[in-house]
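In what follows, a structure is listed as structure tokens, so that the remarks can point back to it.
The values are calculated or read from the model by the stated rules, or taken from the named source; none is laboratory data. Since the model is a prediction, treat every value here as computed from it, not as a measurement. Here the Cβ is made from the backbone with ideal geometry for all residues, glycine too, and neighbour counts use every protein chain on show. We work out accessible area using only protein heavy atoms, side chains counted, and drop any ligands, DNA or RNA first. Shrake-Rupley method; radii C 1.70, N 1.55, O 1.52, S 1.80 Å.
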Amino acid sequence: MSGTFVGMPAFPPAFPQAAREAVRDRTLRGNLRHATHTIRAKRAKAVAEVSDWAALREAGKRIKDHTLRHLDRYLVQLEEAVTAAGGTVHWAADADEANEIVTQLVKTTGESEVVKVKSMATQEIGLNEALEAAGIRAYETDLAELIVQLGRDRPSHILVPAIHRNRGEIRDIFTREMSRWGRPAPEGLTDTPAELAEAARLHLREKFLRAKVGISGANFMVAETGTLVVVESEGNGRMCLTLPETLISVVGIEKIVPTWQDLEVFLQTLPRSSTAERMNPYTSTWTGTTDEDGPRSFHLVLLDNGRTDTLADEVGRQALRCIRCSACLNVCPVYERAGGHAYGSVYPGPIGAILSPQLRGTASEIDASLPYASSLCGACYEVCPVAIDIPEVLVHLRERIVEGGQVTREGNKVVLRPAKGHAAERAAMRAARWALAHPGALRTGQRLASRTRRFHPRTLPGPGRAWSGSRDLPEVPAEPFRDWWQRTRGGKDGVR
């Protein structure tokens with residue numbers, strides 16, 4: 001396992017190849033279309049209820065930007081507060097270090113199984129696989145994560161990891177797999193939501209009552225008090241956070257907010273943008289340890305894993321504002337058709353297309369292709385509750401891939417070479433720059449293109465086939481705009 005891991009196979013295919021296979025799956029596309037349209041409509045209604053949504057969005061952006069600018073100070077403040085409250089703080093530079101810390105903490109307890117709250121950070125580092133290699137079994141307790149785990153599958157959505165599954169598929173997974181992990185599914189289980197939820201509840205209850213170690217992430221960390229916050233809809237998180245004797249939380253360093261007053265902003269915007277609720281049914285907060293209440297031992301693992309490298313990029317760092325609401329996935333026309341697995345990362349959709357290449361770098365085929373997994377329609381920016389300009393970062397990363405340049409990797413300044421396969425694109429851009437700087441040559445080229453328009457191909461030759469293979473070439477007008485303007489004085493002669 002590499003130091004920076006994002007919860008997917010070591011060598012996933014590039015996005016175009018994976019997406020091409022996904023769009024052929026009609027069941028997958030139907031599941032995604034139904035789910036994303038439903039969530040999208042509910043979110044729009046929930047947001048419309050708030051008269052000051054734009055102000056909340058701007059406040060969230062400013063809080064995040066301020067925190068990222070002073071991240072060193074707030075992280076030290078957080079560590080001091082957690083320690084003073086009876087917790088222990090561990091620092092992990094990458095996935096390998098985080099997995100080693102958590103594995104040793106579990107081994108110290110003498111336990112061989114743990115229960116988990118849904119956590120993107122632990123998926124990002126491949127914690128379940130690391131624990132399994134050490135002889136420790138991790139049980140996912142979020143319903144959607146349970147479906148993914150029982151089906152030996154991979155998450156495909158930030159909020160709804162099993163969004164690519166329908167009810168019939170879930171029933172079959174429960175019937176076939178639950179007995180291998182514990183209590184089997186009830187006899188005659190149907191695909192009604194109530195029965196599926198009850199089967200999961202019965203299956204998980206014995207694990208909650210038996211487990212001595214719980215593992216979580218956190219939606220937010222409050223620097224001034226050392227408080228961690230988890231918001232959820234099912235109550236499984238509350239069980240994992242309160243019943244075990246030992247609690248280990250793995251959290252990305254960007255999840256910090258300075259004060260409780262800052263937290264108030266995000267507790268309004270996150271539920272409406274994610275689950276389309278006015279507030280989450282369960283909002284759990286904990287600060288260190290307390291006698292006779294909750295876990296006796298609390299460990300916080302602060303995860304970097306490429307985040308400080310991302311912070312060094314003045315354009316790309318805005319991706320670290322993300323509060324994992326998944327609103328951008330639900331409005332993205334590319335995600336709706338390709339699904340989450342095509343992104344080759346635990347972070348799918350538009351946010352994954354800018355976050356994963358920054359956490360991992362753009363050396364691999366999949367990471368070099370992710371910034372192109374977008375139509376740049378801007379819908380993701382419009383719905384983001386912290387105003388991440390995802391199209392801006394996508395274009396920024398595309399430039400990095402094509403042109404190369406200086407970036408920060410593992411804390412060091414390195415110079416990337418231009419990616420292979422973009423020589424024709426670079427040549428075309430240089431030619432366009434020269435032509436636009438020489439009006440006479442541009443005018444001659446336009447006239448020549450207009451006079452030969454009948455002989456133009458429908459698709460581009462050579463490397464251009466990749467572009468025109470999925471787009472119509474625009475028709476060249478019969479007369480260049482400049483010639484038309486000079487002949488008609490801008491239409492004043494009555495020519496339209």
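Key figures
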| item | result |
| --- | --- |
| Long-range HN-HN contacts of GLY217 with modeled amide H, under 5 Å | VAL117, VAL250 |
| 11 Å beta-carbon shell around GLY226, net charge (K/R +1, D/E -1) | -3 |
| With eigenvalues of the C-alpha gyration tensor scaled by 5 and rooted, region 107-182, Å | 23, 15, 9 |
| Projected label distance in nm at ALA93 and TRP467, using a 7 Å step from Cα toward the beta-carbon | 4.3 nm |
| Virtual spin-label span in nm between SER112 and VAL415, 7 Å along Cα→Cβ | 5.5 nm |
| Length gained when the stretch LEU460-ALA134 is fully extended (0.36 nm per residue, less Cα-Cα span) | 112.0 nm |
| Accessible surface of ILE366 - all protein chains present, 1.4 Å probe, nearest 10 Å² | 10 Å² |
| Total formal charge among the other residues, if their Cβ is under 10 angstrom from that of GLN318, Lys/Arg +1 and Asp/Glu -1 | -1 |
| FRET efficiency, ALA441 to LEU202 (Cβ-Cβ, R0 60 Å, nearest 0.05) | 0.20 |
| Pairwise FRET efficiency - ARG167 versus GLN17, Cβ, R0 = 45 Å, nearest 0.05 | 0.90 |
| Interchain or long-range residues, amide H under 5 Å from LEU460's placed H | SER468 |
| Accessible area, probe 1.4 Å, largest first, for residues LEU28, LEU300 | LEU28, LEU300 |
| Spacing of the two label points (7 Å from each Cα toward its C-beta) at ARG296 and ARG489, in nm | 9.4 nm |
| HN-Hα J in Hz across region 351-362 - Karplus 6.51, -1.76, 1.60, θ = phi - 60°, x for Gly and Pro | 5, x, 5, 10, 7, 4, x, 7, 5, 9, x, 10 |
| Long pairs among LYS212/LYS255; LYS255/LYS413; LYS116/LYS255; LYS61/LYS413; LYS61/LYS255; LYS207/LYS255, criterion Cα-Cα beyond 21 Å | LYS212/LYS255; LYS255/LYS413; LYS61/LYS413; LYS207/LYS255 |
| Separation of alpha-carbon centers, region 270-321 and region 145-207, rounded to whole Å | 26 Å |
